[in-house]
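A short write-up of the structure that comes next.
No lab work stands behind these numbers, since they all come straight from the coordinates. Treat the numbers as computed from the prediction; the structure is a model and nothing was measured. Cβ placement follows ideal geometry from the backbone for every residue including glycine, while neighbour counts extend to all protein chains displayed.
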Amino acid sequence: MVSSLPVVHDVGRLVLALTDGVPIFYEKTVSTIMYGSSGVQVIAGNQVFQGDVALCTVPLGFLKNGSIKFMPELPRRKLDSCEDMLHDLIMTTIHNHPNIAAVKPFVSRLMRDFSSRDSARRVLEKAFLNCLKDVKQALVEYSAPTSDGEPGYLDSTNSESAT
C-alpha cells in the first residue's frame, strides 16, 4: 500500500526504510538462482538462501556471459533488456554530454567491458542507426521552407544560400 511508505528525502534513506527487517547479504558470490511460483533459492558457495523474492544486483556483463546460472533460464526479452539499457545509456551520453570528445572513450570502455561481442555489435549498430536517423531528420528540418514561406536554408533557389 503506497500510503504506508515513509516519506524520505534521499535515496539512501529510502533504501533503508524499504529494507527495514529484510536480510541483506553482501560480498556473496552467487553461482545459481533457481526461481518459480514457490519462491526463489539463491546459491552462493555452500550457502543456500531461500525467500519469496530476491533482488540480486550484478553488472550487465554477468547476466550476458552466464556467470550466474538461472534455473529456468532468463527469458530472451529480459536478456535483450540489458542491451536496451546499454543502448539508452550510450544515446543519453551522446546527446547530453557537454564534452563530445569524452563520449568516445566512455563508450569504448563500456563496450570493452561488455562480455558479448555480438551484443556489443548490435548495441553499437542500433546507436549508429539512431544517430543517422537524427541527422536525416535535422537535414529535413534545416532544408524545409520557413514558417513565412521562404525557401529553406539548403534550397538552391534561395539566392542568399546559392551565392
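Some values worked out for this structure:
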quantity	calculated
Partners for K78 among lysines (Cα-Cα distance below 24 Å; same-chain residues under 8 apart left out)	K28, K64, K69, K126
Trypsin sites (Lys or Arg not before Pro) lying in DSSP loop within the stretch 13-64, provided at most 15 other Cβ fall within 10 Å	K28
Proximal lysines relative to K133, as straight alpha-carbon distance under 26 Å, when same-chain residues fewer than 8 apart are discounted	K104
Lys/Arg +1, Asp/Glu -1 at C-beta; the stretch 29-121 dipole; positive extreme among P72, L110, V40	L110
Ranked packing of 82-88, 45-51, 102-108, most packed first, by mean Cβ within 10 Å	82-88, 102-108, 45-51
